[in-house]
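To start, the structure itself, in C-alpha cells.
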Amino acid sequence: MSGPRPQPRPTPRPGVLSIQAYVPGKSSAPGVAKIFKLSSNESPLGPSPRAIEAYRKAGEHLEDYPDGSASELREAIGRAYGLDPDRIVCGAGSDDLLNLLARAYLADGNEAIHTTHGFLVYPIATLGAGATPVVAPETRYTADVDAILAKVTARTRLVFLANPNNPTGTYVPFDEVKRLQRALPPHVLLVVDAAYSEYVERNDYESGIELVATCENVVMCRTFSKIHGLAGLRLGWMYGPAHVVDAINRIRGPFNVNLPAIAAGIASIEDTAHQDFSRAHNRTWLAWLTEEIGRLGLEVTPSVANFVLIHFPNEKGRTAADADRFLTARGLILRQVSSYKLPNALRMSVGTEEANRLVVQALAEFLGSKR
C-alpha cells in the first residue's frame, strides 16, 4: 500500500524558492573579550551627534505615526543636493527601494541584469518579482558596459549597477555610465545604486544625479547606512523621473520610514561637518590599509569606497577561510564573500585606527611576516 497522500498547501510564486537568502556579515567571536566588527561596512565614527539628539527627541513621540511621505526629510535631501523633493522617495534602507523597483517594473518572464560580483539583493529582488536574474561578466572586478549590453534581450526590463560596487570597491566612470544609458532600449530602467558615493574622490565619477535629471529611464538609490552611520535605523532614498516616483509611491508602504529615522536623517544630512570628518578618516585609512596589506604580499583590489577586498592564495594554511578563522579568534571579524563568487577573498571595512592596525598586525602574523 502506498502512504498517505500529501495534503495541498499554499505555495509561493515561481522564483521565491530559488532565492538564496541574504546572509549578513557575522558579528560575534565566541570566547573573545573585545570584538572589532569590520564585516558590514558600518561607519567607524558612528552617526552625527545631532542625529543622535534628534533620534532621542523623536523617542518622546513614539505614539504618533510618521509623516507618510517623509516630506521634511525629502526637503532636507533636496536642499543638500539641489533636487526637487517631489522626485525623491524615501524607504527603509535602499534595499527597500531596490525591491520596490523590482516589484513595479518586473513581471513573470522578464529579465534583470546585474554583474558577477554585484550586490546580492539584486538577484533576490529579481527572483522575488518572478523575473529571471541575468549575470553580466566583469573585467578586473569592475562592471563592464559592453558585457552588460551584450546581455540585453527583448525580455530585459531592469539593469542594476552598483557604483561603486560592493564587495569589490570598484567603480564605473561617468562617461561609461552615460554610454550604458544611451545604448539601453528606452523602456529598460537603469538603477544606479550609489550607496557608497559619498566616499568617492575621483574626478571621473558622478553618483547618477546628473543622469537622472536628464533621462526618463534612470533612477539613483542612496543610503544613510554608510557615511551617515544610521544603519540601525534602515533609511534610504531614491531620486528618479516623476513617472517612476509615481509608480513607487503607489506600491510602497504608507509609513515605510519610521519617525525616529526621519528625524535622525534630517539632522544627519544637515551636519556636513560630520560627513567631512568621516570622509577624511576614510581617505587616510583606506590608502593606509591598501598599502600596508599590499606590502604583506596580498593583492588588494583598488577601492573608492569604505572597504577593501583582500585576495588570498589558494594554498593550504593561507586561504581566505584560514585567514578568517585566524582573525576571528583574535576578535577581528571580516566578511567572507564566497556568496559573491569570491571564495579566495575577504572584505574588510575601514575601521578605527586601532582596528585597522590590529588587522594588519594579525595578517602579518598569519602570513609569517615580520613587522
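The values are calculated or read from the model by the stated rules, or taken from the named source; none is laboratory data. Quantities reported herein were computed from a predicted structural model and do not represent experimental measurements. Neighbour counts are summed over all protein chains in view; Cβ atoms, including those assigned to glycine, are modelled from backbone coordinates with ideal geometry. For accessibility, only protein heavy atoms count, side chains too; no ligands or nucleic acids. Shrake-Rupley method; radii C 1.70, N 1.55, O 1.52, S 1.80 Å.
Annotations for the structure displayed:
- Amide H contacts under 5 Å for T139: D144, restricted to partners 5 or more places along the chain or on a different chain, H placed in the peptide plane at 1.01 Å from N.
- Mean Cα-pair separation over length for the range 102-179, i.e. relative contact order, pairs under 8 Å, 6 or more apart, %: 35 percent
- log10 of Debye I(q)/I(0), alpha-carbon scatterers only, for the range 201-345 at 0.11, 0.12, 0.17, 0.21 Å⁻¹: -0.65, -0.76, -1.15, -1.31
- Choice from E216, E111, E60 showing the highest fluctuation, given a GNM over the chain with Cα pairs closer than 10 Å: E60
- Counted by Cβ distance under 14 Å from G130, the other residues give a net charge of +2, where Lys and Arg count +1 and Asp and Glu count -1.
- Most fluctuating residue given options R179, R279, R74, as computed from a GNM of the chain linking Cα atoms under 10 Å: R179
- Prolate/oblate/rounded label for the range 11-120 (Cα gyration tensor, a/c 1.5): oblate
- Beta bridge orientation in the chain: antiparallel %, DSSP, nearest 5: 50 percent
- With θ taken as phi - 60° and the Karplus curve 6.51 cos²θ - 1.76 cosθ + 1.60 applied, the whole-hertz 3J(HN,Hα) list for the range 307-317 is 7, 10, 9, 9, 9, 10, x, 8, 9, 3, x Hz, x standing for glycine and proline.
- Close amide H partners of L230, meaning residues 5 or more places away or on another chain with modelled amide H under 5 Å apart, are S225.
- Phi-derived couplings, Karplus 6.51 cos²θ - 1.76 cosθ + 1.60 at θ = phi - 60°, listed residue by residue for the range 46-59: x, x, 4, x, 5, 5, 5, 4, 5, 4, 5, 5, 5, x Hz, with x used for Gly and Pro.
- Kirkwood radius, the range 216-292, all distinct C-alpha pairs, inverse of mean reciprocal distance: 14.7 Å.
- Contact order normalised by residue count of the range 277-343, Cα under 8 Å, 6+ apart, percent: 16 percent
- Bridgeable aspartates and glutamates around K341 (alpha carbons under 19 Å apart, same-chain partners fewer than 8 residues away excluded): E138, D144, E299, E315, D322, D324.
- Simple label model, 7 Å out from Cα along Cβ direction - A183 to D246, nm: 3.2 nm
- Here the simple spin-label model places points 7 Å from the Cα toward Cβ, and for E365 and T272 these points are separated by 4.4 nm.
- Relative contact order, percent, the range 146-213 [alpha-carbon distance under 8 Å, six or more residues apart]: 40 percent
- Stretch gain in nm, segment E353-K341, where the contour uses 0.36 nm per residue and the Cα spacing is subtracted: 1.3 nm
- Prolate/oblate/rounded call for the range 87-147, Cα gyration tensor, a/c under 1.5 rounded: oblate
- 11 Å reach of a label modelled at D108, 7 Å along Cα-to-Cβ, counting backbone N of the range 118-132: 130-131
- Cα centroid separation, the range 261-317 to the range 116-159: 26 Å.
- Here the spin labels are modelled as points 7 Å beyond Cα on the Cα-Cβ line, and at K34 and R9 they lie 4.9 nm apart.
- Surface per residue (accessible, 1.4 Å probe) for the chain, Å²: 46 Å²
- Summed residue charge, Cβ within 13 Å of L189's Cβ, Lys/Arg positive, Asp/Glu negative: -1
- Shape category assigned to the range 120-245 from the gyration tensor of Cα positions, a/c cut at 1.5: rounded
- The chain - percent of accessible surface contributed by carbon and sulfur, probe 1.4 Å: 52 percent
- Note that the range 192-204 has calculated 3J(HN,Hα) couplings of 8, 8, 10, 4, 10, 4, 5, 8, 6, 10, 10, 5, 9 Hz, one per residue in order, obtained from phi through the Karplus relation 6.51 cos²θ - 1.76 cosθ + 1.60 (θ = phi - 60°); glycine and proline are x.
- If you sort Y55, Y196, Y171 by accessible surface, 1.4 Å probe, largest first, the order is Y55, Y171, Y196.
- Among L98, L211, L62, the residue with the largest mean-square fluctuation in a Gaussian network model of the chain, with springs joining Cα atoms closer than 10 Å, is L62.
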